[in-house]
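No lab work stands behind these numbers, since they all come straight from the coordinates. The structure presented is a predicted model; accordingly, all values stated were derived computationally and were not measured. Positions of Cβ are backbone-derived with ideal geometry, glycine not excepted, and every protein chain shown enters the neighbour counts.
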Amino acid sequence: MNIINELNNLDSLLEIKEEAEEKYTKKKEYNELTKIKNEFTKYENNYYKRCDRLIKEMKNKSQTMKIYNIKMHQNILQMDIFAQNLFLPKAKSIEKEIGVRINSHIITKLNDYNLINNKLEDIYKQKIEYELLYRASEDGAFGKIFKKKCSNTKKTLIIVESKNNKKFGGFTEAVWNNSNNNYEDKNAFCFSIDKNKIYTIKNYGSAIFCKKDSGPIFCDIFGIKNKFVSEGGYSSNLEIESEKYEGITENYELAGEEFFKIKELEAFKIRIILEE
């Protein structure tokens, strides 16, 4: 294990911790804060064990870094779970309109569901059902967890909700892995719920890019980095996006901005229901 990299990863949580505490101090939501803290208390022992292991490893390898540089991270470690539940809160109640047949916290309106479902049924000429593979607010807001949950799964639908309340995503038949390769997919498409638009891929030779430990990357239109909370995602401008997809008319059309923060991200496996 590279201890320096481990410490750098832990350092990134400090900023999240401070932002979280400031938010709750301002809003004085003490009851909710206590509830969230209780949720990750059960992980505390594992985190301390992790720190102890790093300390022992540092001693064994005679690292020059002082032991207190790890000790100071023991409280920060807990903020992993804290941040996920604070900035990507679990939905307490999701009201779906009649006819919405997807277990999504983002897609709850029939028109939004039909936009995606009609496109998939047009591709496969069959009825579609959706199996939830991954939800950031429940499974962990990290690309490496997304990859683990969706590894080598064909036909996945990705749905994103950003902090600026944009809802968008994409579909691919290609698999998500850590190969650092591009993958071809002539049936790939992206969509914008806000604009009620489907974007059909033109240059499908590199539909997705599987970067190690990253979130989903739909080439030349949007991508999600490893740390969803602190790093977020990015999108491309009009010139780049319009070369890859049909129907693009604005800069950063799906996400609304070049760099965006993640509110929620879901991944679904698409199943084709064969008619008897």
*Index of the failed condition, residue 172 passing every other in (1) among the polar types (S, T, N, Q); (2) under 28 Å from residue 121 (Cβ atoms); (3) surrounded by fewer than 23 Cβ atoms within 10 Å (Cβ to Cβ)*: (3)
*What is the residue count in the range 187-207 for residues that are touching an Asp or Glu at 6+ places or on another chain (Cβ under 7 Å) and closer than 15 Å to residue 265 by Cβ?*
1
*residue 257 is checked against (1) out of contact with any helix residue (DSSP H, G or I) (no Cβ under 7 Å at 6 or more places or on another chain); (2) under 22 Å from residue 123 (Cα atoms) and fails just one. What number does that condition carry?*
(2)
*Examine the range 235-257 for a residue that is part of a loop (DSSP other than H, G, I, E, B), buried (at least 18 other Cβ atoms within 10 Å of the Cβ) and of a type in the set (D, E, K, R), and state whether such a residue exists.*
yes
*Hey, residue 94 hits all of (1) in contact with a His (Cβ under 6 Å, 6 or more places away or on another chain); (2) closer than 27 Å to residue 203 by Cβ; (3) hydrophobic (A, V, I, L, M, F, W, C) but one; which does it fall short on?*
(2)
